[in-house]
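Notes for the one structure printed next.
The values are calculated or read from the model by the stated rules, or taken from the named source; none is laboratory data. Predicted model only: the values in this text are computed from it and were never measured. So basically every Cβ, Gly included, is an ideal-geometry build from the backbone, and we count neighbours across all protein chains shown. We work out accessible area using only protein heavy atoms, side chains counted, and drop any ligands, DNA or RNA first. Shrake-Rupley method; radii C 1.70, N 1.55, O 1.52, S 1.80 Å.
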Amino acid sequence: MSKGKKWPSEIKSYKDSLTGVNITQLTDHMAHSFHLYFTNNGWYDDENKMLIVSDRDNQTNLFSVDLLNGELIQLTDLDTSMTHGLQSAFINPVKPEVYFTVGDSIIALNLKTYEEKVIFTSPDAFNFSNLSCTADGKHLCFGLTEAMSSHIPTNLSGGYIGFEEMEAAKPYCQIHLLHLNDGMNEIIHEDNRWIGHVNASPTVPHLITFCHEGPWSHIDHRIWLMDLHTRKKWKIREGKVNEYAGHEYWLANGTHIGYHGYTDSLEIEQGKFFGTIKYDNSECDEYKFPYQNMHIHSNERDLIVGDGQQSSAYGANKKDYIFLWEKSAGQLKGPLILCRHRCSFHVQKTHVHPRFSPDGKKLLFTSDQSGYGQVYMVEVPDLKELPHAK
């Protein structure tokens, strides 16, 4: 058994070759390591520790990184033959417990004792989507999707193989609400439509978002919100015809949702935008920008990060830079180049997925620039020190 095994610090520090910002490499192992999905906060223990996933000893497991001394502790000891949802692990915001899926089970892991218990078992012929815990720590929200791999070849984590076919098949899907105090489970939404990305507000316990999954131009609408009290559901940012928004996430205030998108325009670069909107579809704030991003993230409405693609003198058509945009005096300034990430985006575990730390002072990202995915942290400097993309 390797649960509880300690690994010495692997921390390295260096300055970015282009901008000179300080970068801390948290992992340095000859296998892939990566942080949790960008919508999931991996910091805990007063932000002194962080959850990551790492492939070591020919296994994939959940690890804790002590951000004060760099020590890693292995938290799980999983059977390599079992499918898992470690990248979508979610920490309870009010107690030291994290939830993840293994096979047909949801596991609750105590972050102090490492004790595990099965809290839910899915019915046959279903696959889990991501997990999300409500702001009061009382409920776990998650999706179940009809398993279709027997007649639709898929590898969604490795190149989105089968992505269009899954959406076209309209699989039967459910959203569940699991009561953590007594294990009672409710199906709160079901549809013959591919549903994913169930995300609970970090401050308002009765609000969740979910999405209709698939190519954005093929689905009826991407971003949806549900009130857990009334079970009412509504579209978020319906927009205009041929206008698509997604990769949604909650801002730290738990009332506003961030996203990015594009329009079907012949002037493709001018057709990209990102924005924020309140859960009731008020206070919509959007900006156009001429850069491609796989994902964006922000804690507040005035500073946004993207894993952008630069097409200028810095390197034609390279998915190579982490960009920042700053809102000031009603204008969105940028993009500013924070650093190079040099990531391949080859599979989900080697997507950059940049996100701010809870205090907004650091940025977390994953990159396989060394050949293996590793976890990095960047100090956010005075923005006046950063070069503008051209």
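In table form, for the structure just shown:
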| read-out | value |
| --- | --- |
| Surface accessible to a 1.4 Å probe, per residue, for the residues of the chain, Å² | 43 Å² |
| The chain, accessible surface, carbon-and-sulfur percent (1.4 angstrom probe) | 48 percent |
| For SER81, solvent-accessible area (1.4 Å; no DNA, RNA or ligand), Å² | 90 Å² |
| Accessible surface ranking that places the most exposed of VAL98, VAL204 first, with a 1.4 angstrom probe | VAL204, VAL98 |
| Where Rh is the Kirkwood radius over Cα pairs, Rg/Rh for the chain | 0.94 |
| Note, ³J(HN,Hα) from phi for the stretch 173-185, Karplus 6.51, -1.76, 1.60, rounded to Hz, x at Gly and Pro | 10, 10, 10, 10, 10, 9, 7, 6, 6, 10, x, 5, 10 |
| Positive dipole terminus of the chain, leading residue within THR145, ASN293, ILE236 (C-beta point charges) | ASN293 |
| Geometric extent, Cα atoms of the stretch 1-63 - Rg, Dmax (angstrom) | 13.6, 44 |
| Square roots of 5 times each gyration tensor eigenvalue, C-alpha, the stretch 30-87, largest first, Å | 20, 13, 9 |
| Computed log₁₀ I(q)/I(0) - Debye formula, equal Cα scatterers, no solvent, the stretch 53-156, q 0.13, 0.21, 0.24 Å⁻¹ | -0.52, -1.21, -1.43 |
| For LYS12, solvent-accessible area (1.4 Å; no DNA, RNA or ligand), Å² | 100 Å² |
| Selected from LEU67, LEU75, LEU336 as most flexible by GNM, with the chain as the system and alpha-carbon contacts under 10 Å | LEU67 |
| Alpha carbon Rg of the stretch 177-269, scaled by the compact-globule rule 2.2 N^0.38 Å | 1.21 |
